Amino acid sequence: MSRLEKPLYKTCIVTSDYHVPGETFINRHIEHIFGGDTVVLCGRFNGKNPYDKPLFERRAKLSLSDKVLAPLAMGWNALTEGTGRLPFGNNKSRLKQWLHDQGVEVILAEFGTQALVVAKLANEMNLPVFTYFRGTDASRALTSAQRVKSYRKMMPRLDGVFSVSQFLLDNLAKHGVTHPNSHVVPSGVDVRRFVPGEKVPGSCLAVGRMVDKKAPQVTLRAFAAAAKGREAHLTFIGDGPLLEPSKALAAELGVAEQVTFTGALPHEEVRKQLLTTETFLQHSITDKNGNTEGLPTAIQEALAAGCITVSTQHAGIPEAVTEGETGFLVPEWDEAGFAGAISKVLDLPDRAAMSRAARATAEEKFDNAILLGKVEDEIRRVVALRECAA
């Protein structure tokens, strides 16, 4: 049976804010899952609906009766469910009617925190409900005992769980949050758009907000240690409070002529930069509040573009980068090790071999068309079982 012959299900995508251009993984589901027959349930609507989807804004202005009911309803839900975010009163009735009128057959909540909002409601409506854990929802969120309680309460209500990395599933399991139908499906990348170009020898690229969590100054100092006196150049793409201090640091380190700071750029410009970049640098770290990556999309894009990756042993990154084959990984905050890994790449007599291996990895593991098909097939399997049991 071809994909076109497989059953398609009207899907409600549940997200926090809509539309957020940088949330490419969510936007891809909105636009493409089950042929794009989707509606959007969002916490907040930002005024842009580029996919022209029917939407329901969960945090829209409450009716007078719901305002009166709110303290009691939210307090009761917090006590019994571990979260006060469940819909209630007139708003809940409106949401149920909207889901019914839209003909929704499946609910997919992006991030576990959004699944908290809809799991119980989906059960009441006998709708299959799934969630996707992606990073902060399975790391920083778990520092809250209340959130752990709410997740444990939620899990039996879900029909299935997806995660971008095994690391996140393991992290949830450490807190007693598990589901028997869990699957690792990375967000993936469009390997038809992200392709290797003609690589500039010695070129390095770092992409991300210039904030403490992204450790740009660690990356910069490591590059300076490895690249001084070599034919090497680093481009930083990103804006933030550490941009100007990083420019000053580059001058202080004597590598100002070897480093370019572009500020923030559109995603398409990042793609173009990746095509000719030889080495991708990402010193991911665990934030002070416990927040981690899941499996960074930027690294998947870099692999697809044939970039050798130098990164850290953080979250799901070791699930993507194979040491010595597609890149090099060091412990978080290991600045000397990071510099040494950059030096290894610059000293390689044949960097093209690792570039080809990186591309092959992306084609095999991170083709988002294939990964989307895996999500759809798992939803189909579960829905078929539910129908047989009915």
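If you average the sequence gap of Cα pairs under 8 Å that are 6 or more apart and divide by the length of the chain, what percent do you get for the contact order? Provide the component values of the computation, followed by the final result.
Details: 722 pairs, mean separation 54.0, N = 390.
Computed value for the chain: 14 percent relative contact order.
Can you find, among 127, 60, 111, the residue sitting farthest towards the positive end of the charge dipole of the stretch 25-145, where Lys and Arg contribute +1 and Asp and Glu -1 at Cβ?
60
By per-residue mean of other Cβ atoms within 10 Å, what is the highest-first order of 306-315, 135-144? Show your work: numbers first, answer last.
Values: 306-315: 25.9, 135-144: 20.5.
Per-residue mean Cβ counts within 10 Å order the peptides as 306-315, 135-144.
First select every other residue whose beta carbon is under 14 angstrom from the beta carbon of residue 254; then total the charges, Lys and Arg +1, Asp and Glu -1. Provide the component values of the computation, followed by the final result.
Details: positive: 221, 228, 230, 247; negative: 252, 257.
So the environment of residue 254 carries a net charge of +2.
Sort out for me the Cα centre separation of the stretch 320-383 from the stretch 163-231, rounded to whole Å.
A separation of 9 Å, based on Cα centres.
Rank 51, 151, 18 by mean-square fluctuation in a GNM of the chain with C-alpha springs under 10 angstrom and give only the top-ranked residue.
Top of the fluctuation ranking is 51.
Kindly flag which residue pairs out of 10/96; 199/374; 214/374; 53/214; 48/199; 149/374 have an alpha-carbon separation exceeding 26 Å in this structure.
Working: 10/96 15 Å; 199/374 33 Å; 214/374 31 Å; 53/214 34 Å; 48/199 37 Å; 149/374 30 Å.
Beyond 26 Å between Cα atoms: 199/374; 214/374; 53/214; 48/199; 149/374.
If you wrap a convex hull around the C-alpha atoms of the chain and split its volume per residue, what is the figure in Å³?
Numbers: hull volume 57.6 nm³, N = 390.
Dividing the Cα hull volume of the chain by its residue count gives 148 Å³.
Counting heavy atoms of the protein chains only and a 1.4 Å probe, report the per residue accessible area for the chain as a whole number of Å². Walk me through the numbers before you get to the answer.
Working: 16760 Å² over 390 residues.
On a per-residue basis, the chain sits at 43 Å².
The stretch 144-160 to the stretch 261-285: how many Å between their Cα centroids?
The distance from the Cα centre of the stretch 144-160 to that of the stretch 261-285 comes to 37 Å.
Which one of 341, 232, 60 has the biggest mean-square fluctuation once the chain is modelled by GNM with Cα springs under 10 Å?
Highest fluctuation among the options: 60.
For a protection proxy built on the mean count of beta-carbon atoms within 10 angstrom, sort 220-227, 26-33, 189-196, 294-301 highest first, please. Before the final figure, lay out the partial values.
Values: 220-227: 22.9, 26-33: 19.6, 189-196: 17.6, 294-301: 24.5.
Those peptides, ordered most packed to least, come out 294-301, 220-227, 26-33, 189-196.
What are the extents of the Cα atoms of the stretch 1-59 along their three principal axes, in Å, largest first?
If we take the Cα atoms of the stretch 1-59, the spans are 41, 21, 16 Å.
Can you tally the net charge around residue 176? Count Lys and Arg as +1, Asp and Glu as -1, for every other residue whose Cβ sits under 13 Å from the Cβ of residue 176. The partial results should precede the final answer.
Values: positive: 147, 149, 152, 153, 174; negative: 170.
Here the charged neighbours net out to +4.
I need the shape label for the stretch 215-308. Rule: rounded when a/c is under 1.5, else prolate if a/b > b/c, else oblate, with a, b, c from the alpha carbon gyration tensor. Working shown, then result.
Working: a/c = 1.56, a/b = 1.15, b/c = 1.35.
Cα axes put the stretch 215-308 in the oblate bin.
The values are calculated or read from the model by the stated rules, or taken from the named source; none is laboratory data. Remember, it's a predicted structure, so these values are computed and weren't measured experimentally. In this analysis, Cβ positions are derived from the backbone assuming ideal geometry, glycine residues included, and neighbour counts consider all displayed protein chains. These area figures cover heavy atoms from the full protein model, side chains too; ligands, DNA and RNA do not enter into them. Shrake-Rupley method; radii C 1.70, N 1.55, O 1.52, S 1.80 Å.
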